[in-house]
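These notes are about the structure you will find just below.
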């Protein structure tokens, strides 16, 4: 027999439901036997399947969190300027952003939600450095920028891990 999907491959295996000849590349092992892709009816888990509406909800929540976290980051820096405090702030804001993005789409997970959460941490940091109410350049030293990049990377990692 030849595989129904790959006519150049010989096989002795048939789908347990429809009887179509299938090769090892086409067969899907299910709890009730070997099936072809059509009969196996592979579906994504509901946690990982989302619509454009879910993405828009996540983006809306992310925009709000970017401005909120950016303003809070700026305010805390203004009161307590410390290079090492940024690591704690970035991790905390990354966690909060990941949670809010996840909650906005009913705890769904996926690559696009991870991208949205990671970008939100970066945008929040940029807003904290260049707030709409005035730019403050005292934090923009080379040493401070190095630590801030590491802190933002930590925040992005934490945010992504919450919705991955």
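Values for this structure:
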quantity: Matching option when the condition is in contact with a helix residue (DSSP H, G or I) (Cβ under 8 Å, 6 or more places away or on another chain) and over 30 Å from residue 113 (Cβ atoms), among 69, 23, 39, 15; calculated: 15
quantity: Counted residues, segment 41-67 - those being surrounded by 11 or more Cβ atoms within 10 Å (Cβ to Cβ) and more than 30 Å from residue 15 (Cβ to Cβ); calculated: 15
quantity: Residue tally, condition under 20 Å from residue 101 (Cα atoms) and part of a helix (DSSP H, G or I), over segment 23-63; calculated: 15
quantity: Residue under evaluation residue 52, criteria (1) without any contact (Cβ under 8 Å) to a residue 24 or more places away in the chain; (2) within 30 Å of residue 3 (Cβ to Cβ), criterion not met; calculated: (2)
quantity: Subset of segment 64-119 (residues that are in a loop (DSSP other than H, G, I, E, B) and either modelled with pLDDT of 90 or more or closer than 19 Å to residue 45 by Cβ (or both)); calculated: 105, 106, 107, 108, 109, 110
quantity: The one condition in (1) more than 21 Å from residue 153 (Cβ to Cβ); (2) more than 18 Å from the chain's Cα centre (by Cα); (3) surrounded by fewer than 17 Cβ atoms within 10 Å (Cβ to Cβ); (4) free of Cβ contacts under 8 Å to residues at least 60 places away in the same chain that residue 71 fails to fulfil; calculated: (4)
quantity: Residue in segment 148-164 that is in a loop (DSSP other than H, G, I, E, B) and either touching a helix residue (DSSP H, G or I) at 6+ places or on another chain (Cβ under 6 Å) or surrounded by 18 or more Cβ atoms within 10 Å (Cβ to Cβ) (or both) present; calculated: yes
quantity: Test result for residue 37, more than 31 Å from the chain's Cα centre (by Cα) and farther than 30 Å from residue 147 by Cβ; calculated: no
quantity: Hey, residue 30 modelled with pLDDT under 90 and outside the structural domain of residue 153 (by TED's automatic domain parsing) or not; calculated: yes
quantity: Pairs where the first residue, in segment 96-109, is in contact (Cβ under 8 Å) with a residue 12 or more places away in the chain and the second is outside any helix (DSSP H, G or I) and crowded, with 21+ Cβ neighbours inside 10 Å, C-beta under 8 Å, 6+ apart; calculated: 102/108
quantity: Residue in segment 127-145 that is modelled with the highest pLDDT, counting only those that are surrounded by 13 or more Cβ atoms within 10 Å (Cβ to Cβ) and assigned to a helix (DSSP H, G or I); calculated: 127
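The values are calculated or read from the model by the stated rules, or taken from the named source; none is laboratory data. Note that this is a predicted model, so its numbers are computed, not measured. Every residue, glycine among them, receives a Cβ derived from its backbone with ideal geometry; neighbour counts consider all protein chains shown.
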